[in-house]
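Written below as structure tokens is the structure these notes are about.
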Amino acid sequence: MSRWFLVGILLATSSPLRALAEDVKLGYVDVSRALGETDDGRKAKASLKKIFDQKQKEIDEQQEDLKKSVDDLDKKRTLMPADKVREQEAELQQRMQKIQQTYMRHQQDLQAKEQEATGKIVERMNRIIQKIAASENFTMIFDRQQGGVVFAKPHLDLTNELIRRYNAGEGAGPAGGGDGASSRASEGDPAKAAASSKK
């Protein structure tokens, strides 16, 4: 097979591939950053921080009280009967377990509150992302955090545009028009949001 024939095959096959590549338009958003820079996101985080601080204070006070009791037992240990020492050690162990359970309960409560506080914000962001994808003919838009994007050129970053549109009030109403099933399927997944907007 001649070298020129090989070159001809490469040129013939590369043209469709190049045309396909030109049709693909990708972008990405950093939803985590957008949550921290939109007005609603800041309010939600401030509210969550207030709740966290209150719960953390409760845990800190319980831990400090337990530490004092442990120190007190250590000081009196040699002056107390062995059975009394074991009794107080068992009591302290129960208190420590109770603090751990309280901590885990607070963590679960905070996670639930965070999901509740940010869920509607993210849904609204996805509606905006759908509009960006449709109006600017994006093939796919990734979430930088969840999509595993290690590197992308800065001009592909749509986060600032997402934040600007959100703070301007876009997407505040219920999603209207289009395929309702596609809209619901795309919630929580910006990549699906872009794909559904292409239909």
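Every number here is computed from the coordinates shown, using simple stated rules; none is lab data. These numbers come from a predicted model, not from an experiment. Note: ideal-geometry Cβ built from the backbone for every residue, glycine included; neighbour counts use all protein chains shown.
I'd like to compare 72-81, 102-111, 115-124: which one has the highest average count of other Cβ atoms within 10 Å, and what's the full order after that? Please list the in-between numbers first.
Values: 72-81: 10.7, 102-111: 12.7, 115-124: 15.5.
Ranking the peptides 72-81, 102-111, 115-124 by packing returns 115-124, 102-111, 72-81.
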query: Where does the charge balance sit around Ser69 when Lys and Arg score +1, Asp and Glu -1, over other residues with C-beta under 12 Å from its C-beta?
result: -2
- request: Between beta-carbons, use under 11 Å as the cut-off and find the net charge around Asn160, counting Lys and Arg +1, Asp and Glu -1.
  value: -1
